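The structure appears right after this line, and notes come after that.
The values are calculated or read from the model by the stated rules, or taken from the named source; none is laboratory data. Bear in mind the structure is a predicted one, so any value in this text is a computation, not a measurement. All Cβ positions, even for glycine, are placed from backbone atoms using ideal geometry, and neighbour counts span all protein chains on display.
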Amino acid sequence: MNFQTVFDSILANWHLILLFFTAAILYSSVGFGGGSSYLAILALAGIAFTQIRVTALLCNIVVVFGNVMLFYHQKKIPWKKVVPIVLWSVPLAYLGGKLAINKTLFFILLGFTLLFAALSMWISKRLVSIVKEKETFNTIKNSFFGGGIGFLSGMVGIGGGIFLAPLLHLSNWDTPKKIAATASFFILANSIAGILGLYSSPNLQVDWIFTSILMVTVFVGGQIGSRISNTILTPVLLKKATAILIGSVSIRILCKHLLPFFTS
């Protein structure tokens, strides 16, 4: 890797870099890694589907690691409730990442994943506002949540927080701060497991120059977002705009890859 190659890659992909930077600020400010937005951006950019999952997961890890450290020092991670979720999610995320799927199936799964992500982001403010602290929990339910979400997350290439957080809010699982902390740790664990699963594939090919640039970009954005959370930035309007963007991308992907089944 030389400076000229890196510079050329930055010039060629400046618009993607800017979008990743913005997404990292937004998602880290609310405790997420940004995987759903990274997937949407890469899918629209026409990046090879075999690389999309790896790039999104690596960027997820970079962003959410800082959030996990912050929540850890604040003692906001409810370990007794988190462990059953992660114990099932990690091995199943690994299996999901290891699973070989064809291009059409991947984009159909991605389309539905992004659609759910958009809907959950759109209603997330209302969900948070009705949550009250709840100390009781169901280990079987937590394990079921973790396992199912982990497997799907590994297949698609996200950490799964965008699925987990709405479910925890709806089930009155705990306070919003502890749910955000749980989602951050969940995303980190699943993203690492998904990466390990993907790396076991002999056909994996990654543009490391492009991916490294995006990882540095989201690291900077994530650090900014985690520091302005609940102080300078109120991300509700940005979340709404992002939900609209992700939703439109999901519909476009589903129309492209589902319509042939109905018209053939």
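Which ones in region 22-57 are at pLDDT 80 or above, under 10 Å from the mean Cα position of the chain (by Cα) and not small (G, A, S)? Correct list: Y38, L39, L57.
When restricted to residues that are in contact with a Leu (Cβ under 9 Å, 6 or more places away or on another chain) and small (G, A, S), region 1-30 contains 1.
Looking for something at pLDDT 85 or above and of a type outside the set (D, E, K, R) - is there at least one such residue anywhere in region 162-182? Please lay out each step first, then the result.
So the first thing to find is which residues in region 162-182 are at pLDDT 85 or above, and the list is 182.
Still in the running and of a type outside the set (D, E, K, R): 182.
Looking through region 162-182, at least one residue is at pLDDT 85 or above and of a type outside the set (D, E, K, R).
Annotation: of all residues in region 1-18 being out of contact with any Phe, Trp or Tyr (no Cβ under 9 Å at 6 or more places or on another chain) and touching a residue at least 12 places away in the same chain (Cβ under 8 Å), the one that is nearest to M155 (Cα to Cα) is I17.
Taking the condition modelled with pLDDT of 85 or more and either touching a helix residue (DSSP H, G or I) at 6+ places or on another chain (Cβ under 7 Å) or surrounded by fewer than 16 Cβ atoms within 10 Å (Cβ to Cβ) (or both), does N190 pass? Before the answer, list the steps.
On the way: modelled with pLDDT of 85 or more: yes; either touching a helix residue (DSSP H, G or I) at 6+ places or on another chain (Cβ under 7 Å) or surrounded by fewer than 16 Cβ atoms within 10 Å (Cβ to Cβ) (or both): yes.
For N190, the condition - modelled with pLDDT of 85 or more and either touching a helix residue (DSSP H, G or I) at 6+ places or on another chain (Cβ under 7 Å) or surrounded by fewer than 16 Cβ atoms within 10 Å (Cβ to Cβ) (or both) - is met.
Candidates in region 139-150 are the residues that are hydrophobic (A, V, I, L, M, F, W, C) and surrounded by fewer than 23 Cβ atoms within 10 Å (Cβ to Cβ); of these, the one that is modelled with the highest pLDDT is F144.
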